[in-house]
1. Can you tell me how many residues in region 134-185 are under 18 Å from Tyr204 (Cα atoms), buried (at least 23 other Cβ atoms within 10 Å of the Cβ) and small (Gly, Ala, Ser)?
2. What pairs come up if the first residue lies in region 179-206 and is without any contact (Cβ under 8 Å) to a residue 60 or more places away in the chain, the second is part of a helix (DSSP H, G or I) and aliphatic (A, V, I, L, M), and their beta carbons are under 9 Å apart, counting only those six or more places apart or on different chains?
3. Of everything in region 109-133, what is out of contact with any helix residue (DSSP H, G or I) (no Cβ under 8 Å at 6 or more places or on another chain), surrounded by fewer than 24 Cβ atoms within 10 Å (Cβ to Cβ) and part of a helix (DSSP H, G or I)? Give them in sequence order.
4. From Tyr417, Tyr383, which residue is in a loop (DSSP other than H, G, I, E, B) and either of a type in the set (Ser, Thr, Tyr) or surrounded by fewer than 22 Cβ atoms within 10 Å (Cβ to Cβ) (or both)?
5. For region 158-176, give me the residue count where each residue is within 16 Å of the chain's Cα centre (by Cα), among the small types (Gly, Ala, Ser) and at pLDDT 95 or above.
6. Residue check, Lys256 against (1) touching a Ser or Thr at 6+ places or on another chain (Cβ under 7 Å); (2) surrounded by 17 or more Cβ atoms within 10 Å (Cβ to Cβ); (3) not in a loop (DSSP other than H, G, I, E, B), all met but one. Which one?
7. Go through (1) within 22 Å of the chain's Cα centre (by Cα); (2) in a loop (DSSP other than H, G, I, E, B); (3) under 30 Å from Asn147 (Cβ atoms) for Phe210 and report which single condition fails.
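The values are calculated or read from the model by the stated rules, or taken from the named source; none is laboratory data. Owing to the predicted nature of the structure, the values given are computational and were not obtained by experimental measurement. Cβ placement follows ideal geometry from the backbone for every residue including glycine, while neighbour counts extend to all protein chains displayed.
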Amino acid sequence: MKKRIIAALMAGVLMISLTGCQKSTPKPGSIAGYDKGEQYLSIWVHSIEDTDEGRCYREAVNAFNKAYDGKYFADIEFIPRNDSGGGYSDKINASVMSGDLPDVLTVDGPNIAAYAENGIIQPLAKMTEKEKSVYLKSIIEQGTYNNKLYALGAMESSVGLYYNKEILDEAGIQVPDADHPWTQSQFLEVLKKLKPIMDKKNGYALDMTFPVGEATIYYYAPFFWSNGGDLTDKTGLTVDGIFNSKQNIKTVSYFKTLLKQKYMSKVPIDSLFESGRAAFKIDGAWEVNTLYTSYPDVSFGVAPYVVGDEWNGEQYAPTGSWAFAASSKTKHIKGATELVKWMSGVESGKRLWEKSKSFPSTYEAYESIDVFKKDKNYKELYYQLSKYGHPRPKTPAYPQVSTSFQQVLENSVLSGYDAKEQLDKSVERIDAKLKRYKIK
């Protein structure tokens, strides 16, 4: 998911109302494979066709058309994102205005609430509890807004706390199991013990940065959740007293301590962990494959994500990736829902793992893939994801929440500004965006 983590949906799309009319449907026979009597379903995806991910989507659509021959015909269009995250979202912006939205489209997980609130997507056709139980709990939670299921993830993702086995052995440090993770206070003691060892290696105990864009909230919101904090209320419409809570001030102060004690670098250092100059690293699940393929000499493991001192087993670990949803303009919600289920289902997930190493979204897919049973590192990531996965905030102002979260950490931790002051300023900015939703 490394390159899938992008800046959230541009605020402009959220201010646009749906107008115009549905684009015309091609006639049977005008597209190879589309026959008379079949219900035409258009589908947009955010990737380039000539990539591993793109080929997976093409193969999934071809398989759908074969399985539903005579009933449905899905016609896929590839609309890749550019480096800044535009392209695909720009196309959606324009299509919201013109009414040319497809029947089914991909949505980045954290943006589902915003798309739903602004009438870009609609609830899926009713699914049974058995149908929904196929998916990881985090997938259903991510796709649900105002108690309605809008989207199903095509894939899942997570973040690992990677550790260098040789360095931890040298320090005599034992890694806890996933159900008994280090608390933040305990982790400080671990880092303190590692610091003199890492100083000799001209490195740091922790390879940790605040990356630009979506990665910051993805990596570090768990520190806030497990410490008793949150970023919005359950409705996604209130942030005052929550985003700037005492718990969140405490968590920001924790990050400031990491830098003050020189357990982490103020600026990113390339390949710090991979070169043996860091004992720990926080990074996405893709880091496992990177280490296996590019740094085979590094002996590493995956430790459970660090939790707050008062953590009591609540869900808190990072999750979230691209999902499929039915657009508000489709007149074929049952067919669109069948296509969404297919594109996010077991076989599609297995294909995405095999070709692009994207984590599946269904339990059955994981059970059928040997690596998640036999490889300890992948097994640890899956366990963390399946038991403790926590979606990012579900709010129509998500882009502002994500941006504000990053700004708070940068300004408070890296630049030394007061945490409460920065959190309060963020609340003002987020509230300014939430006003239009509160008066509906």
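1. Total meeting the criteria: 1.
2. Val190/Leu168; Val190/Ala171; Lys193/Ala171
3. The answer is Glu129, Lys130.
4. Just a single option satisfies the conditions, and that option is Tyr417.
5. Qualifying residue count, region 158-176: 1.
6. Every listed condition holds for Lys256 apart from (2).
7. It fails just one condition, (3).
Quick grid of which residues meet (1) outside the structural domain of Phe359 (by TED's automatic domain parsing); (2) crowded, with 19+ Cβ neighbours inside 10 Å; (3) at pLDDT 90 or above:
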site	(1), (2), (3)
Ala11	no, no, no
Ile16	no, no, no
Asp35	no, no, yes
Asn62	no, no, yes
Tyr88	no, yes, no
